[in-house]
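Below you'll find the structure, written out as structure tokens, and then a few comments.
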Amino acid sequence: MSLIALSYPELTPEDFAWIENVREAHEKNYSIVRPHFTLVFGTEGISQDDFTDHVGNIARKTHIIRFVLRSTVIVTDKSEALTFVLLVPEEGHSKIARLHDRLYTGILEGNQRLDMPYIPHVTVGNSPNPQECVNLANRLNDKEFAVEGTISSIDIALYEEGGIDCVGNVELTHQ
């Protein structure tokens, strides 16, 4: 079991439904977790209280982030032998990336995955067959879309294969 930090974006009901429809058809973890941005990937060896305090301290220094998802990218994670289709923000990209980087300071320093760059994203598909992901990404990118939303809080959760259990939530600073 490991600790993670993620944010469930605030979306319009129509955009949420569109993302969920794509995920239901193309993402194996669809039923485990709602659409989200992962801010801290699975971390072990840190107490839940220390993790929660650290994430809370960073969150209180971070303003609400507005973003717009406009395209997809494809990423292969060789450690999982899977290819992923990610919705990525055009607006808000750098603010989410900076939040991610700030979270990996202090007690989380040295825990950041360095085998692949961090790309702020909402996963909408995955497959061991990369061509399936290419086809999905092309279909989505052929359409003009703009999914607007905000990140206003961070959930702290326990993760183990097949499940996520939220154990806390911290609000970002309102502005």
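We did not get these values from a lab; they are worked out from the coordinates using the rules stated. Computed from a predicted model, the values in this text were never measured in an experiment. Cβ placement follows ideal geometry from the backbone for every residue including glycine, while neighbour counts extend to all protein chains displayed.
Compute, for the chain, the length of the dipole vector about the Cα centre, with Cβ point charges of +1 (Lys, Arg) and -1 (Asp, Glu) only. Units Debye, rounded to 20. It would help to have the intermediate numbers written out before the result.
Working: 14 positive and 26 negative charges, 92 e Å.
With Lys and Arg at +1 and Asp and Glu at -1, about 440 debye.
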Per-residue HN-Hα couplings for region 32-42 [Karplus 6.51, -1.76, 1.60; θ = phi - 60°; Hz; x = Gly/Pro]: 7, 8, 6, x, 7, 9, 7, 9, 10, 7, x
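Taking a ≥ b ≥ c as the square roots of the eigenvalues of the Cα gyration tensor of region 39-94, is the shape rounded (a/c under 1.5), prolate (a/b larger than b/c) or oblate? Could the numbers behind the result be given before it?
Numbers: a/c = 5.06, a/b = 1.25, b/c = 4.04.
Oblate, because a/c is 1.5 or more while a/b does not exceed b/c.
Using alpha-carbon pairs under 8 Å, 6+ residues apart, how would you state the relative contact order of the chain in percent? Write down the numbers at each step before the final one.
Values: 345 pairs, mean separation 63.6, N = 175.
The value is 36 percent.
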Distance between region 17-66 and region 97-165 - C-alpha centres, whole angstrom: 8 Å
Among VAL85, THR43, ALA5 the positive-end extreme of the charge dipole of region 2-171 (Cβ point charges): VAL85
For the chain, the longest site-free run once trypsin sites (Lys or Arg not before Pro) in DSSP loop states with at most 16 other Cβ atoms within 10 Å are removed: 79-112
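At most 11 other Cβ atoms within 10 Å plus a DSSP loop assignment makes a site exposed; report the longest stretch of the chain without any exposed GluC sites (Glu not before Pro).
Numbers: sites that count: GLU44, GLU80, GLU109, GLU144, GLU161.
Between the exposed loop sites, the longest stretch runs 1-43.
To check you understand DSSP bridge types, tell me what percent of the beta bridges within the chain (both residues inside) are antiparallel, rounded to 5. It would help to have the intermediate numbers written out before the result.
Working: 38 of 39 bridges.
Among the beta bridges of the chain, antiparallel pairing accounts for roughly 95 percent.
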